[in-house]
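Reviewing the structure listed below.
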Amino acid sequence: MLGLKLPTDPRWVNIVESNISEILTDHAWCEQKAATNAISIVVHNSERQDLVTDMLSLAKEELEHFEQVHNIIKDRGLELGRERKDSYVNELARFMRKGTGRVESLIDRLLFSAMIEARSCERFKVLSENIDDEFLSEFYRDLMISEAGHYTLFLKYARKYANGIDVEKRWQEWLAHEASIIANYGKEETIHG
């Protein structure tokens, strides 16, 4: 369904389990950044009422996820660490087309967002199926379903507003590029690391 070219090695979960505090902090900040991304899409596309409505809902949901992860951190007697740089996302962002028109920029922003959601969904699936912590296994299974919905929402809007842009071709380019990036990750206790 996701079309990802390179699956996450399930042994990544062993790295995650060695430092649950770090994965939870990283995850919390990923949710905050996802909410910020949705709001940024609203700010730059305020004339698209349906997109605005759905991005506002998505931003609220991402903030709820942030709160859920934060509550897990507190319940476990851990502390929300400082925001982390997400090298994977930063590398993906460099693939977005610059200096193009508003529609082209929107389409690439939506595909960029879909790509992150697809990989997060896949990582949550790997976590849910392989982590020994029963509570986190269920938590990540639920989030996997949510991320899949976000992924399809971004793709839906990319297709809707394509206005002559070959979204399917560009999506395949994104998938290929993401595979070249993710090949260097999977060695850290972070959602995309």
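The values are calculated or read from the model by the stated rules, or taken from the named source; none is laboratory data. Here the structure is a predicted model, which is why all the values come from computation and not from measurement. Please note: Cβ atoms are built from the backbone with ideal geometry, for glycine as well, and neighbour counts cover all protein chains shown.
Of the set (1) free of Cβ contacts under 8 Å to residues at least 40 places away in the same chain; (2) over 16 Å from the mean Cα position of the chain (by Cα), all apply to residue 144 but (2).
Of all residues in region 1-47, those satisfying the criterion of being part of a loop (DSSP other than H, G, I, E, B) and in contact with a helix residue (DSSP H, G or I) (Cβ under 8 Å, 6 or more places away or on another chain) are 1, 2, 3, 4, 5, 6, 7, 8, 10, 45, 46. Within region 143-193, the set of residues being of a type in the set (Ser, Thr, Tyr) and at pLDDT 90 or above comprises 146, 151, 152, 157, 161, 180. Looking across 77, 101, one residue alone is on the phi > 0 side of the Ramachandran plot, without any contact (Cβ under 8 Å) to a residue 24 or more places away in the chain and small (Gly, Ala, Ser). It is 77. The residue that is surrounded by the most Cβ atoms within 10 Å (Cβ to Cβ), among those in region 142-172 that are of a type in the set (Val, Ile, Thr) and farther than 15 Å from residue 113 by Cβ, is 165. With the condition kept exactly as written, say whether any residue in region 113-127 is acidic (Asp, Glu) and either more than 24 Å from residue 9 (Cβ to Cβ) or part of a loop (DSSP other than H, G, I, E, B) (or both). Taking every residue of region 113-127 in turn, none turns out to be acidic (Asp, Glu) and either more than 24 Å from residue 9 (Cβ to Cβ) or part of a loop (DSSP other than H, G, I, E, B) (or both). Close contacts from region 49-63, counting a first residue that is under 14 Å from residue 147 (Cα atoms) and a second that is modelled with pLDDT under 95 and crowded, with 17+ Cβ neighbours inside 10 Å, with Cβ to Cβ under 9 Å and a gap of 6+ residues or different chains, come to 61/146. Within region 134-193, being closer than 23 Å to residue 108 by Cβ, outside any helix (DSSP H, G or I) and not acidic (Asp, Glu) holds for 161, 162, 163, 164, 165, 183, 184, 185, 191, 192.
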